[in-house]
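Okay, so here's the structure we're looking at.
The values are calculated or read from the model by the stated rules, or taken from the named source; none is laboratory data. Computed from a predicted structure; not experimentally measured. Note that we place each Cβ from the backbone using ideal geometry, even for glycine, and neighbour counts take in every protein chain shown. Each accessible area value is taken on the protein alone, full model and side chains, heavy atoms only, with ligands, DNA and RNA left out. Shrake-Rupley method; radii C 1.70, N 1.55, O 1.52, S 1.80 Å.
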Number of protein chains: 2
Amino acid sequence: MKAQNGTSLTAMANAIRALSMDAVQAANSGHPGMPMGMADVATVLWSRHMKFDPAAPAWADRDRFVLSAGHGSMLLYSLLHLTGFEDMTMDQIKQFRQLDSLTAGHPEYGHTPGVEATTGPLGQGISMSVGMALAERMMNARYGDDLVDHRTWVIASDGDLQEGISHEAISLAGHLGLNRLCVLWDDNEISIDGPTQLSESTDVLKRFEAANWAVSRIDGHDMEAIDAALEAAKTSDKPVLIACRTTIGYGAPTKAGTAGSHGSPLGPDEIAGARKALGWDHPAFEVPSDILDAWRAAGSPDAHAAWRDRLADHDLADAFVAQLSGEPGEAELAALAAWRRKVAEDKPALATRASSGQALGAIIGDWPGLVGGSADLTGSNLTKTPDVGVVKAGDYAGQYIHFGVREHGMAACANGMSLHGGFRPHVATFLVFSDYCRPSIRMSALMQQPVIYVMTHDSIGLGEDGPTHQPVETLAALRAIPNVEVFRPCDALETAEAWEAALTRLDGPTVLALSRQKLPHLRSDDGAENLSARGAYTLVDSDGAPDVLLIATGSEVSLAVDAAATLAGEGIAARVVSAPCVERFLAQDAGYQDAVLPQGVPCVAAEAALRYGWDAVIGRGGAFVGMNGFGASAPAETLYEHFGITAGAIAAAARGLVRG
Amino acid sequence: MKAQNGTSLTAMANAIRALSMDAVQAANSGHPGMPMGMADVATVLWSRHMKFDPAAPAWADRDRFVLSAGHGSMLLYSLLHLTGFEDMTMDQIKQFRQLDSLTAGHPEYGHTPGVEATTGPLGQGISMSVGMALAERMMNARYGDDLVDHRTWVIASDGDLQEGISHEAISLAGHLGLNRLCVLWDDNEISIDGPTQLSESTDVLKRFEAANWAVSRIDGHDMEAIDAALEAAKTSDKPVLIACRTTIGYGAPTKAGTAGSHGSPLGPDEIAGARKALGWDHPAFEVPSDILDAWRAAGSPDAHAAWRDRLADHDLADAFVAQLSGEPGEAELAALAAWRRKVAEDKPALATRASSGQALGAIIGDWPGLVGGSADLTGSNLTKTPDVGVVKAGDYAGQYIHFGVREHGMAACANGMSLHGGFRPHVATFLVFSDYCRPSIRMSALMQQPVIYVMTHDSIGLGEDGPTHQPVETLAALRAIPNVEVFRPCDALETAEAWEAALTRLDGPTVLALSRQKLPHLRSDDGAENLSARGAYTLVDSDGAPDVLLIATGSEVSLAVDAAATLAGEGIAARVVSAPCVERFLAQDAGYQDAVLPQGVPCVAAEAALRYGWDAVIGRGGAFVGMNGFGASAPAETLYEHFGITAGAIAAAARGLVRG
């Protein structure tokens, strides 16, 4: 099979192989086997099927390409260079895996134009691709074929398919009928430990068929077969898996077909042998002009130009562009501010999960890109607002998704939707099960995606379900992730503020930790200013300079307020500081921090969780009222007494600090 | 179908239904639907097929029963009461979900005799059951049919099967041919959000067939069909899935077959209606004597007695009992101590992952119950020691398991092996991917199971793989989990000590965080005492009282040693404290802590990770040399310079504290 200029596709593929083995060798680190094995498949895909414009990596209607097997990053970097993404110069290829190069060890979204998703942790890429394919259909349902008509292509490894998250992702994709999704499985029968048969006996095609995918199997080195399979994929009414039987390290004389070509440089002799076997007699990092010309002819600049013309004339162009940005516009900002003021006036006493549901309900009508769902806890998480439509196979107009008990796949799907553009996803489960989505939450943070995690049942306050369901270390574990903001609001107004903070944030994820149990309304201001936005603030000040500072979050703030009242009666001046987002507070300037928590005044913190992490706020000398270990099964009020998380305990701790 | 005393099995099943709905109603909290739906299946299983002795819940050769759908805990508590587990009195049933009762909201291992595993977080139970079934075959391979010949039975829900971990678990079980495992799927077509069709379209039987399971489908209310399916399961040469089509809340007049019976009390009227529909006209918490008699005849005390006789006469009885305990014996303790002394003498400069592999190799021959594996990173984690046999389908004599890229399923499998008894499992992946196993690590901690997590590539020191693979928050996140001990050794001797600490610990999991990169040997003592066992100790003391304390872990300890030497040259007396296990150190008495870190002396901590959590050791005034966010892709030495984690930075921080 030949390109239009007569260059054989095999020669084009060999350019990928040569660049990959040379770059890995130069770095003395990396994974040559996968790029060499999948070079033929990638060449047919990128030169004959994929819709993209190297001059416009962010074109909204481009096909998405996700290298789920991110260790094979040189495959992607080679493709970006060869097709002419301008930042991906040969010098970058030569700087593979060096500090500040665009050619990081694994593809990094936001770091390298043309990289659609950060990949490497196995299973994440294929699962994010489900979110991309879903977002495409959901945008298509809103704006039609003229503006939204693209596909999502994935290269996945054996490891991607062994990961549990892949099960969640593919069953969701099959259920939702995402036929614009095509996964090219690098079926090379080699894992890191050796032949896949060491650990794997699954009939993968049957597995995908069971999940409502269309499946086929091809020789991944037969250009005609690859071409035919990709063509067929475009007419499928189901998501498509193509098993591409390949030879890992294809061309390497002794290491091809072995784990030895997976994750180490091939070495000079093996590279020389591969050059000979492939008929590639060009020096390292040199691609002959005819082959480069053939590659530079790939892509779809004409389709892009035609799309731009359609957009310019389109009735919905402004709405489309606004929604794509993900940024709140005037209507969205006004809805958030209005809701804040209304709650301040109404002062409802609700569980913060209920306040959250009401906040969402109040703003979602003004926010078409605000979509989300729950991992089969809709009635507990309260994220399905009245009148919201449900997304189904073939009907993607809704704003709510029943994700099933698929926390990890749900979070990755949200990352994919966010990366695709057009949507601000919120996803929900119990807080303790954030552990199930944790690898994807980390990806949200690393990729700076503003996914909103609505995590209810945030402490022993959930009661009888017991220690398996009661987070104690979970807040700390989430706060520890860089670029994650955890909000634990104390009442309906702070909950409104937390939603506002989350939705106006564009560069990272937010976790909303919400109570199952009803909480009193504590704020007495008119809601004109978002006080939670600075992380912590004085909720109830002492009469005169404080003797002690009572810092609390969420459901424990009302206990601190009660404790302060008790202490006032004893002549101890206690200031109550509500700290809905500790990370934001610690990021404020020292002046603000000192104004809220004056240095030298002893601190008591109260949170129905472990102390871990709190010493950074209250110091080693501070007192802490919270949990010391796992919870227990009993009614919530019983548990608060049992574990000593009470206003009395906070007052006693304060007394101890003040009176020594 | 009738029991031997003529009682119908349906009446026996109705006893479960009545107790379940009454207990949930009394608690005003809980899940009646599942116990009522699966009562018939459970009755046939427990009264006609399962091998157990209510008088001996810990009998080694009992069948294991895992209620993966742990929310249906009243099913299990009812069975334990009805069959006569003596602690499970009717009073306990009446105290369902109350503080200190044996009838916690979800079944808790170690809390309630007869509960084989803590369940509730979906997917964990079915995945632990794979470890139990594997442990059974591995013990059988060592001790034969006379001592080890039992089965593992599981009740799993739709949610269990939607979870990604189930994919990892069932593909591993199929690969390893664990035909003593039988999963009874409660195929009730109802999820919490409503009909399962809201989120699920998978052909579950086909899915399990693809994973090499034998499958069948039955009416879960047809006693004969249940009996026949269970009988057939016993002769399968593959693990068995039986899809039991049931009606959730069976018997409830209006809520049966709906999500309304899942997670809330039925209410007095509905319960009265169910009593009528089921023909159960007995008061709450009363079981007629004929039905109770039929239940009390269940179980296998005779088989237990015969087994005890076989054990008494068995050549391998002592070894069997010793291995079952999991405790290190004299040989094991001697091997650990000998290795410690040898390393102290040899002083090898190795990556701690390499030291770990050598330690394991040195002791595994003396430790038949020490088994483990890696999630397809064997050559990186270095947990496969020379001469160790590999566990395969039909050949379970080995001590090494190729888990495939199944971190979560691997960890749950280890929990199951540990719960089963006989094995001390170690499981391995990169430290950053501990996030993928985190829900199961939490279960190890909650169930107090001494699983050893060998987590290599523990920092930016892994170099070029970049931020997706570089843990920065991971140490903090693991340290935050109650009852987890994280060891990050600095050299080969501390690595030997960490293994000793992990293997002599019986009441919780240990994480070994190990370097990819080579580290110098730092310890100069003879290894006679395990200095790491107290968590932190003075490695290099200052000449005279210290002006500053340099506390470090793992790969940063040598930097602290270098910094102390520099500072000594400047007249600053710096003590170097190595802190391989911060949690252990913080659990020491104040006298020891003050001796190592004298109060009032300023502290610098160094760890190639985030500061989060360190303020508890060094105070808010302490200095920290480490990471401030995610890592980057570059050679390790470049990254250490780039992020300023150097001896010079430690010395500068110390100078700043000492000189103000």
Exercise. Within the range A:175-206, which residues are within 7 Å of chain B (Cβ to nearest Cβ) and out of contact with any helix residue (DSSP H, G or I) (no Cβ under 8 Å at 6 or more places or on another chain)?
Worked result: A:His175, A:Leu198
Problem set entry | Looking only at the range B:140-156, and only at residues there that are open to solvent by 10 Å² or more (accessible area, probe 1.4 Å) and out of contact with any strand residue (DSSP E or B) (no Cβ under 7 Å at 6 or more places or on another chain), the one that is nearest to B:Val115 (Cα to Cα) | B:Asp149
For this session: Enumerate the pairs (first residue in the range B:435-452 and within 7 Å of chain A (Cβ to nearest Cβ); second residue anywhere and part of a helix (DSSP H, G or I) and of a type in the set (Ser, Thr, Tyr)) with beta-carbon separation below 8 Å, excluding pairs fewer than 6 apart on the same chain, so at least 6 apart or on different chains.
Result: B:Asp435/B:Thr474; B:Pro439/A:Tyr436
Exercise. Can you tell which of B:Leu360, B:Leu382, B:Leu370, B:Leu419 is within 14 Å of chain A (Cβ to nearest Cβ) and under 24 Å from the mean Cα position of the chain (by Cα)?
Worked result: B:Leu382
Exercise. Within the range A:644-660, can you find the residues that are free of Cβ contacts under 8 Å to residues at least 40 places away in the same chain and in a loop (DSSP other than H, G, I, E, B)?
Worked result: A:Gly644, A:Gly660
Problem set entry | Residue check for B:Leu181: without any contact (Cβ under 8 Å) to a residue 60 or more places away in the chain, closer than 23 Å to B:Asp395 by Cβ and touching a strand residue (DSSP E or B) at 6+ places or on another chain (Cβ under 8 Å) | yes
Problem set entry | Count of residues meeting criterion [more than 10 Å from chain B (Cβ to nearest Cβ), within 17 Å of B:Thr638 (Cβ to Cβ) and in contact with a His (Cβ under 8 Å, 6 or more places away or on another chain)] in the range A:93-110 | 1
For this session: Inspect all residues belonging to the range A:377-390 and state whether any of them is assigned to a helix (DSSP H, G or I) and at pLDDT below 95.
Result: no
Problem set entry | All positions within the range B:120-139 that are under 26 Å from B:Asp227 (Cβ atoms) and open to solvent by 10 Å² or more (accessible area, probe 1.4 Å) | B:Arg137
Exercise. Somewhere in the range B:203-219, is a residue more than 17 Å from B:Asp61 (Cα to Cα), buried (at least 24 other Cβ atoms within 10 Å of the Cβ) and basic (Lys, Arg)?
Worked result: yes
Exercise. Which one is surrounded by the most Cβ atoms within 10 Å (Cβ to Cβ), of the residues in the range B:86-113 that are outside any helix (DSSP H, G or I) and aliphatic (A, V, I, L, M)?
Worked result: B:Ala104
Seminar exercise, completed: Residues of the range B:506-516 being open to solvent by less than 20 Å² (accessible area, probe 1.4 Å) and within 17 Å of B:Ala359 (Cα to Cα), in sequence order, are B:Thr510, B:Val511, B:Leu512, B:Ala513, B:Leu514, B:Ser515
Problem set entry | Sole residue being of a type in the set (Lys, Arg) and within 14 Å of another protein chain (Cβ to nearest Cβ), chosen from A:Lys234, A:Lys238 | A:Lys238
Problem set entry | Residues that are among the basic types (Lys, Arg) and surrounded by fewer than 20 Cβ atoms within 10 Å (Cβ to Cβ), drawn from the range B:517-533 | B:Lys518
Exercise. Residues of the range A:611-620 being of a type outside the set (Lys, Arg) and within 7 Å of chain B (Cβ to nearest Cβ), which ones?
Worked result: A:Tyr612, A:Gly613, A:Asp615, A:Ala616, A:Gly619
For this session: Have a look at B:Val561, B:Val540 and point out the one that is open to solvent by 20 Å² or more (accessible area, probe 1.4 Å), within 28 Å of B:His457 (Cβ to Cβ) and in contact with a Leu (Cβ under 7 Å, 6 or more places away or on another chain).
Result: B:Val561
Exercise. Tally time: how many residues in the range A:376-405 are touching a residue at least 60 places away in the same chain (Cβ under 8 Å) and either within 17 Å of A:Leu512 (Cα to Cα) or aromatic (Phe, Trp, Tyr) (or both)?
Worked result: 7
Problem set entry | Checking A:Asp547 against (1) under 23 Å from A:Thr510 (Cβ atoms); (2) open to solvent by 10 Å² or more (accessible area, probe 1.4 Å); (3) in contact (Cβ under 8 Å) with a residue 40 or more places away in the chain, the condition it does not meet | (1)
Problem set entry | Test: residue in the range B:145-152 that is in contact (Cβ under 8 Å) with a residue 40 or more places away in the chain and either touching a Ser or Thr at 6+ places or on another chain (Cβ under 9 Å) or within 14 Å of chain A (Cβ to nearest Cβ) (or both) | yes
Exercise. Is there a residue in the range B:196-211 that is more than 24 Å from A:Lys206 (Cα to Cα), modelled with pLDDT of 95 or more, touching a Leu at 6+ places or on another chain (Cβ under 8 Å) and not polar (S, T, N, Q)?
Worked result: no
Problem set entry | Failed criterion for A:Gly600 (all others in (1) open to solvent by 10 Å² or more (accessible area, probe 1.4 Å); (2) farther than 21 Å from A:Leu512 by Cβ; (3) outside any loop (DSSP other than H, G, I, E, B) hold) | (3)
For this session: Run B:Glu163 past the list (1) in contact with a helix residue (DSSP H, G or I) (Cβ under 8 Å, 6 or more places away or on another chain); (2) over 20 Å from A:Asp203 (Cα atoms); (3) at the interface with another protein chain (Cβ under 9 Å from one of its Cβ atoms) and report the number of the one that doesn't hold.
Result: (2)
Seminar exercise, completed: Residues in the range B:313-349 that are in a loop (DSSP other than H, G, I, E, B) and charged (D, E, K, R) total 3
Seminar exercise, completed: Filtering the range A:627-660 down to residues that are open to solvent by less than 10 Å² (accessible area, probe 1.4 Å) and touching a strand residue (DSSP E or B) at 6+ places or on another chain (Cβ under 9 Å) yields A:Ile645, A:Ile650, A:Ala651, A:Ala654
Problem set entry | Hits in the range B:621-643 - residues which are over 34 Å from the mean Cα position of the chain (by Cα), more than 7 Å from chain A (Cβ to nearest Cβ) and in a loop (DSSP other than H, G, I, E, B) | B:Gly621, B:Gly622, B:Pro635, B:Phe643
Problem set entry | One residue from A:Pro482, A:Pro439 being under 18 Å from the mean Cα position of the chain (by Cα) and surrounded by fewer than 24 Cβ atoms within 10 Å (Cβ to Cβ) | A:Pro482
Problem set entry | Condition broken by B:Asp313, with the remaining ones in (1) more than 21 Å from B:Arg516 (Cβ to Cβ); (2) in contact with a helix residue (DSSP H, G or I) (Cβ under 8 Å, 6 or more places away or on another chain) satisfied | (2)
For this session: Would you mind finding the one in B:His106, B:His111, B:His71 that is without any contact (Cβ under 8 Å) to a residue 12 or more places away in the chain and closer than 28 Å to B:Ala135 by Cα?
Result: B:His111
